[in-house]
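Worksheet: the structure to be examined is printed underneath.
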Amino acid sequence: MNTNKADEKQKEEVTGEVDDIKESTEIEKEQTVDNEQQAAQPEKENDNGKKEDTDKKDEELNELKDRFQRLAAEFDNYKKRTLREKEKLYCCAAADIVAAFLPVLDSIERAIAAVDESGDQNIKEGVQLIHRQMMDILSSIGVKPIEAVGKPFNPDFHEAVSHVHDEK
């Protein structure tokens, strides 16, 4: 009889486990059906969501494209501006260097004039050679003499040394 009671207990336990399994299977089926229904609803919403996402991405793409074009234009302007500044800087530097050499050139011309008065031909030829070399160097970098004596003042070519008050 003990075996019958043990068998009955085992049957009850097995039956309880089977019932538990059936219940959990039914719950899983219900959850699966609920999940399928929920999945079907977001597909409709998902279409709208995809469209919204696409619209947002298009807006972002257009914004990035605009930023890129503006940045490219700024860079192009930067290159042009630096090129102009470089050219201007070169001209200013060359003008400063030439301005530093002009007093030397004037001194050489005065030396030639002084040698003419003293009559020493060898010194005169040496100073004239130096003068010619200086003029060649200056002309090679684009500096040429300007005829200013007896001509009206032109601020584009002439540099004012002093001011004269005119009563006109």
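The values are calculated or read from the model by the stated rules, or taken from the named source; none is laboratory data. As the structure is a computational prediction, the values presented were derived from the model and not from experiment. Neighbour counts run over all protein chains shown; Cβ positions are idealised from the backbone, glycine included.
Annotations
- Filter pass, residue 123 being under 17 Å from residue 145 (Cα atoms) and either more than 52 Å from the chain's Cα centre (by Cα) or part of a helix (DSSP H, G or I) (or both): no
- Hey, residue 51 touching a helix residue (DSSP H, G or I) at 6+ places or on another chain (Cβ under 7 Å) and either in a helix (DSSP H, G or I) or modelled with pLDDT of 85 or more (or both) or not: no
- Some residue of the range 68-84 being over 17 Å from residue 143 (Cβ atoms) and of a type in the set (Asp, Glu): yes
- Taking the criterion of being part of a helix (DSSP H, G or I) and either free of Cβ contacts under 8 Å to residues at least 24 places away in the same chain or among the small types (Gly, Ala, Ser) (or both), the residues of the range 136-151 that qualify are 136, 137, 139, 140.
- When the criteria are applied in full, residue 166 fails the requirement of being at negative phi and surrounded by 10 or more Cβ atoms within 10 Å (Cβ to Cβ).
- If the condition is being surrounded by 11 or more Cβ atoms within 10 Å (Cβ to Cβ) and among the charged types (D, E, K, R), then the range 87-109 contributes only 109.
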